[in-house]
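Read through the structure below, which is laid out as structure tokens, and then see the notes.
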Amino acid sequence: MNAVCDMVARAARYDVSILLSRESGTGKEVVAQLLHEASGRRGRFVGLNCAAIAPELVESELFGHARGAFSGATAARSGLFRSAEAGTLLLDEIGEMPLSLQAKLLR
């Protein structure tokens with residue numbers, strides 16, 4: 001655990017994207033929160049478990065939507081990217097997202 005904490009402290013000094021890769025239940029979200037706190041970022045820490053949300057709702061969660069964009073969209077909503085601006089967005093279990101949406105994220 002000390003090695004992980006040392007790595008977090010070193011990585012938090014840089015303004016870069018970080019990929020945390022381990023099996024489910026190994027504490028990736030905890031490490032991501034530690035990185036966020038150690039980095040001094042002004043914005044919020046926002047996490048999304050991509051495996052726990054219906055595939056048809058993921059795009060709306062991430063990018064937001066306008067009022068009336070689909071049935072049930074009674075108000076405009078900014079997405080998680082906007083909510084995490086100047087902060088950290090954790091996309092947990094991103095491999096469970098539809099491939100078409102993964103491609104949109106890459107662009």
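Before we move on, is R22 open to solvent by 70 Å² or more (accessible area, probe 1.4 Å) and closer than 22 Å to M97 by Cβ? Against the criterion (open to solvent by 70 Å² or more (accessible area, probe 1.4 Å) and closer than 22 Å to M97 by Cβ), R22 qualifies.
A search for C-beta distances below 7 Å between a residue of the range 5-18 that is open to solvent by less than 60 Å² (accessible area, probe 1.4 Å) and any residue that is assigned to a loop (DSSP other than H, G, I, E, B), counting only pairs 6+ apart in sequence or on different chains, returns A11/I18.
Specify the residue that is surrounded by the fewest Cβ atoms within 10 Å (Cβ to Cβ); the eligible residues are those in the range 82-107 that are part of a helix (DSSP H, G or I) and touching a helix residue (DSSP H, G or I) at 6+ places or on another chain (Cβ under 6 Å).
Going through the qualifying residues, I end up with E96.
Answer yes or no as to whether E37 is closer than 28 Å to A3 by Cα, charged (D, E, K, R) and either at pLDDT 90 or above or touching a Gly at 6+ places or on another chain (Cβ under 6 Å) (or both). Criteria met by E37. For the range 43-52, the set of residues classified as within 18 Å of A11 (Cβ to Cβ) and exposed (fewer than 13 other Cβ atoms within 10 Å of the Cβ) is empty. Only residues that are over 20 Å from L101 (Cβ atoms), of a type in the set (G, A, S) and at pLDDT 90 or above: list them for the range 41-68, please. Listed by number, the list holds a single entry, G43.
Name the residue, out of A32, A73, that is touching a His at 6+ places or on another chain (Cβ under 8 Å), surrounded by 13 or more Cβ atoms within 10 Å (Cβ to Cβ) and not hydroxyl-bearing (S, T, Y).
On the way: A32 fails: touching a His at 6+ places or on another chain (Cβ under 8 Å).
Of A32, A73, the one residue that is touching a His at 6+ places or on another chain (Cβ under 8 Å), surrounded by 13 or more Cβ atoms within 10 Å (Cβ to Cβ) and not hydroxyl-bearing (S, T, Y) is A73.
The values are calculated or read from the model by the stated rules, or taken from the named source; none is laboratory data. As the structure is a prediction and not an experimental result, all values here were calculated from the model. When we count neighbours, we look across all protein chains shown, and the Cβ atoms used for this are built from the backbone with ideal geometry, even at glycine. In case anyone asks, the SASA skips ligands and DNA or RNA and just uses the protein heavy atoms, side chains included. Shrake-Rupley method; radii C 1.70, N 1.55, O 1.52, S 1.80 Å.
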